[in-house]
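Asker: Have a look at the structure that comes next, please.
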Ligand code: GLP
């Protein structure tokens, strides 16, 4: 528990630097990172860019897998998760775009796209560290309430709460928010060797309470991480209001 959002962002960025150094990546040993979108990780991305510019971290031997992507939103739409990741992070660091993996929500065969994604993660040797956030309804990635806790990468229809929460990125116009997404499953994230969840703000307080102080439930998919051997939640004071 840290004071403010800024502290959460900085702690998360410094934690990645520490884990990356301990791993010692190189040409034959890539570090595989799982990454989220949303408002929450923006601060961490900003800090990482600062640390990169200060020479404290390099992404040369890092490969990334993003959590999710909207379906049928053009890749170059400003709110696609492709655009989000390149504009807010990848464009500003030394990662080779060929090491970046983001689900293609415009693939002809969406089911196949999800299968291939799972295979690519496997080929990469699994994910070393998966960063995530949480929706106010407790969803992780786009694993909406009711998602199987054994789910893998697949197509999901978004919950009304998620569409409402994400309308702020689409000029507050609910009708413009995509209604479906491709997302890694709960089990895909659970397979990561380490998971770090960032949570800030009082609007996430109930989700945090449900995730860590009650039983594991597919209605609050973040609660699955009670079963993960190495998960850390980095939260600000406001998010702890219901604990
Ligand atoms: C979306 C993303 C999630 C993210 C959530 C919360 O639904 N698919 O990965 O955790 O939003 O977003 P924010 O950080 O903007 O509150």
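Asker: In this structure, does residue 27 turn out to be more than 27 Å from residue 191 (Cβ to Cβ), away from the ligand (no atom under 16 Å from the Cβ) and over 17 Å from the mean Cα position of the chain (by Cα)?
Answerer: no
Asker: Which one of these is within 18 Å of residue 128 (Cβ to Cβ), out of contact with any strand residue (DSSP E or B) (no Cβ under 9 Å at 6 or more places or on another chain) and surrounded by 14 or more Cβ atoms within 10 Å (Cβ to Cβ): 49, 17? Walk me through how you get there before you give the answer.
Answerer: Values: 49 fails: within 18 Å of residue 128 (Cβ to Cβ).
One residue alone meets the criteria, 17.
Asker: Could you check how many residues of the range 178-201 are in a helix (DSSP H, G or I) and within 11 Å of the ligand (Cβ to nearest atom)?
Answerer: Counting residues in the range 178-201 that are in a helix (DSSP H, G or I) and within 11 Å of the ligand (Cβ to nearest atom) gives 1.
Asker: Please work out which one of (1) over 20 Å from residue 82 (Cα atoms); (2) in a loop (DSSP other than H, G, I, E, B) is the condition residue 205 fails and give its number.
Answerer: Among (1) over 20 Å from residue 82 (Cα atoms); (2) in a loop (DSSP other than H, G, I, E, B), the lone unmet condition for residue 205 is (2).
Asker: Cβ-Cβ under 6 Å, sequence separation 6+ or interchain: first residue in the range 164-179 and closer than 14 Å to residue 84 by Cβ and in contact (Cβ under 8 Å) with a residue 12 or more places away in the chain, partner part of a helix (DSSP H, G or I) and away from the ligand (no atom under 13 Å from the Cβ). Which pairs?
Answerer: What qualifies is 170/176.
Asker: Something else: Are any residues in the range 119-135 touching a helix residue (DSSP H, G or I) at 6+ places or on another chain (Cβ under 8 Å) and either near the ligand (Cβ under 10 Å from one of its atoms) or more than 24 Å from residue 199 (Cβ to Cβ) (or both), and if so, which ones? Working first, answer last.
Answerer: The first filter runs over the range 119-135 and keeps only residues touching a helix residue (DSSP H, G or I) at 6+ places or on another chain (Cβ under 8 Å), leaving 121, 127-132, 134-135.
Hits for the range 119-135 are 121, 131, 132, 134, 135.
Asker: Also, I was wondering about something else. For a quick check of your reading of the model, give me the residue pairs whose first member lies in the range 134-160 and is more than 20 Å from residue 239 (Cα to Cα) and free of Cβ contacts under 8 Å to residues at least 24 places away in the same chain, whose second is part of a strand (DSSP E or B) and within 13 Å of the ligand (Cβ to nearest atom), with beta-carbon atoms closer than 8 Å and at least 6 apart or on different chains.
Answerer: 157/180; 158/180; 158/181
Asker: List, please: which pairs have Cβ atoms under 7 Å, are six or more places apart or on different chains, and start with a residue in the range 199-219 that is at positive phi and at pLDDT 95 or above and end with one that is part of a helix (DSSP H, G or I) and within 16 Å of the ligand (Cβ to nearest atom)?
Answerer: 201/238; 201/239
Asker: Of the conditions (1) away from the ligand (no atom under 12 Å from the Cβ); (2) at positive phi; (3) surrounded by 22 or more Cβ atoms within 10 Å (Cβ to Cβ), residue 138 clears all except one; give me its number.
Answerer: It is condition (1) that residue 138 fails.
Asker: Would a scan of the range 160-177 turn up a residue that is touching a strand residue (DSSP E or B) at 6+ places or on another chain (Cβ under 7 Å), crowded, with 17+ Cβ neighbours inside 10 Å and in a loop (DSSP other than H, G, I, E, B)? Show your work before the answer.
Answerer: Initially, the range 160-177 is screened for residues touching a strand residue (DSSP E or B) at 6+ places or on another chain (Cβ under 7 Å), giving none.
Among the residues of the range 160-177, not one is touching a strand residue (DSSP E or B) at 6+ places or on another chain (Cβ under 7 Å), crowded, with 17+ Cβ neighbours inside 10 Å and in a loop (DSSP other than H, G, I, E, B), which makes the answer no.
Asker: Considering each residue of the range 55-107, count those that are assigned to a helix (DSSP H, G or I), free of Cβ contacts under 8 Å to residues at least 40 places away in the same chain, more than 23 Å from residue 153 (Cα to Cα) and within 16 Å of the ligand (Cβ to nearest atom), and give that number.
Answerer: Qualifying residue count for the region: 1.
Asker: Here's something else I'd like to know. Could you tell me how many of the residues in the range 14-42 are assigned to a helix (DSSP H, G or I) and either closer than 30 Å to residue 157 by Cβ or touching a residue at least 40 places away in the same chain (Cβ under 8 Å) (or both)?
Answerer: Selection size over the range 14-42: 7.
The values are calculated or read from the model by the stated rules, or taken from the named source; none is laboratory data. Note that the structure is predicted; figures quoted are calculated from it, not measured. Positions of Cβ are generated from backbone atoms using ideal geometry, with glycine treated the same way; all protein chains shown enter the neighbour counts.
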